[in-house]
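Before any comments, here is the structure.
Quick note: the coordinates plus some simple rules give every number you see, no bench work behind them. Treat the numbers as computed from the prediction; the structure is a model and nothing was measured. Every residue, glycine as well, gets a Cβ built from its backbone with ideal geometry; the counts of neighbours run over all protein chains shown.
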Amino acid sequence: MNMTDPIADMITRIRNGVRARLPKIDVPASRLKAEIARILKVEGYIANYRVVDDGRQGTIRIFLKYGPGWERVITDLQRVSKPGCRIYCGKGEIPRVYGGLGINILSTSRGVMTGREAAKTGVGGEILCNVW
C-alpha cells in the first residue's frame, strides 16, 4: 500500500478506533508520530502510548481513553496540513480550535508542540492537525 500521508493515516486510525470504542490501536512508528502521541497523552486525549520494537519500522501502540460511561474523550481529529497543500501559520496567527476547547498540533523549528505552547514560545509552524 502506497502511503503518501502517514500522519493522516495515524489520525484516521485513532478516529476509527475511538468510534469503534477500541481499547487500543497500532500505527507504524515514526519519530513525528511518537511526538504527536506524546502531545495527545500530555493533553489528556489518550490514556497512554508505547513504541513497540518489532525489528522493522516498529509500531506505536496507542491506548485510547474514554469517560466512565465509555464517552469519547476525542470527539474528532482533523488533518490540517496535507502533503499536497501545506498549511503554515506565523506565531501571531495560530488559530483557536473549537473556541479554545480543542488543541492544534504544530510542527515548529523547536519541535512538535501544541498551538498554545507555540504561541507561548513565540514560534509559528506547520499545523499538522486539530483535536477536540
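From largest to smallest, what semi-axes in whole angstrom does the chain give when each is the square root of 5 times an eigenvalue of its alpha carbon gyration tensor? Mind dumping the intermediate values first?
Working: eigenvalues 107, 68, 35 Å².
Ellipsoid half-lengths, sorted descending, are 23, 18, 13 Å.
Could you tell me the relative contact order of the range 6-64? Use alpha-carbon pairs under 8 Å, at least six residues apart, and round to a whole percent.
38 percent
Just how far, in whole angstrom, is the range 102-129 from the range 73-92 if you go by their alpha carbon centroids?
Cα centres, the range 73-92 to the range 102-129: 10 Å.
Relative to the longest principal Cα axis of the chain, at what angle does helix 31-42 sit, 0 to 90 degrees, rounded to 10?
Rounded to the nearest ten degrees, it is 90.
Quick one: net charge around D9, please, counting Lys, Arg +1 and Asp, Glu -1 for every other residue with C-beta under 14 Å from its C-beta.
+3
Let me check against my output: what whole-number percent is the relative contact order of the chain, with C-alpha pairs under 8 Å and at least 6 apart?
Across the chain, relative contact order equals 23 percent.
Quick one: helix 6-19 against the long Cα principal axis of the chain, what's the angle to the nearest 10°, folded into 0 to 90?
Value to nearest ten degrees: 60.
What nm value, rounded to one decimal, do you get for the distance between R50 and A34 when each label is placed 7 Å out toward the C-beta?
Roughly 1.5 nm, to one decimal.
Quick one: dipole size for the range 6-64, taken about the Cα centre, charges +1 on Lys/Arg Cβ and -1 on Asp/Glu Cβ, in debye to the nearest 20. Working shown, then result.
On the way: 12 positive and 6 negative charges, 34 e Å.
Here the size comes out at about 160 debye.
Considering amide H positions built from the backbone, and no H for Pro or chain starts, which residues 5 or more places from D76, or on another chain, come under 5 Å of its amide H?
W132
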